Every structure is written in C-alpha cells, then in structure tokens.
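Here's the structure we're looking at; comments come further down.
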Amino acid sequence: MVFIWRGAGIMVPIVLFISCWICSYSFEDTRLGNPDYMGWSIFWAGIPLFVIGGLLAAGNLPDPETEEKPPKQYNDLFWIPIWIWGLFFIGFGLYL
C-alpha cells in the first residue's frame, strides 16, 4: 500500500500506530475485531490529530493587519487534511 502525504500528513498513521500501541497495554484482546480496543485507539489518536491539524490549518490564514496571505502549506494524507482525519477518528471512535 502506498501512502500519499504532503507535509505533516505522515503523522496520521504514526499517531494512530502509537495510540494503538499504548492502548494495547489496557486490553487483553488486541485483535482488529475487538471494537472496544479499536474504538479507544482511534478516539485517542483523533484528539492530537485534530489539535495539530487545526493549528497547522490556522497557519494558512491571512494576517489580519496587512491582509497578506502566507504561502499555502498542505498537510494531508490521501488529499484529506489532518484536522478532518482527527474529526473522523473521534467520531468513529465514539461510534465503536
């Protein structure tokens, strides 16, 4: 599988892996079919992704005093911005 990312988009699978690894210490059954393990892992990965992605997206806003726009920075994975991945992970984690 080929990951397509720009900028800090590589953080999405890295944060998800670290979250799954940390949550594996709290669960005996760490198979992908365990919805409790998957839900908590995805939920805890979504929170830092949403915060970091929001901060990176806020860096693209124009300066309020000079109205000058900074050069656009893309931080996404599979052409989806990091903060949307964070929202998706939080919502899907709550669903599971």
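Values computed for the structure shown
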{"item": "Most positive-pole-ward Cα, ILE4, PRO62, TYR37, against dipole of the chain from beta carbon charges", "result": "ILE4"}
{"item": "Span-rule helices in the chain, defined as complete DSSP H runs reaching 18 Å or more along the axis (Cα) with Kyte mean at least 1.6", "result": "82-95"}
{"item": "Environment charge of PRO62, counting only residues whose C-beta is closer than 15 Å and scoring Lys/Arg +1, Asp/Glu -1", "result": "-2"}
{"item": "Computed [θ] at 222 nm, deg cm²/dmol, the chain (DSSP H ≥ 4; -39,500 (n - 2.57); rounded to nearest 500)", "result": "-18000 deg cm²/dmol"}
{"item": "Candidates GLY59, GLY86, GLY33: whichever shows maximal mean-square fluctuation once the chain is modelled as a Gaussian network with Cα springs under 10 Å", "result": "GLY33"}
{"item": "Candidates PHE17, PHE78, PHE50: whichever shows maximal mean-square fluctuation once the chain is modelled as a Gaussian network with Cα springs under 10 Å", "result": "PHE78"}
{"item": "Cα→Cβ-extended label distance, 7 Å offset, between PHE17 and ASP63, nm", "result": "3.9 nm"}
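No lab work stands behind these numbers, since they all come straight from the coordinates. These figures come from a predicted structure and were not determined experimentally. Cβ coordinates were reconstructed from backbone atoms using ideal geometry, including for glycine residues, and neighbour counts include every protein chain displayed.
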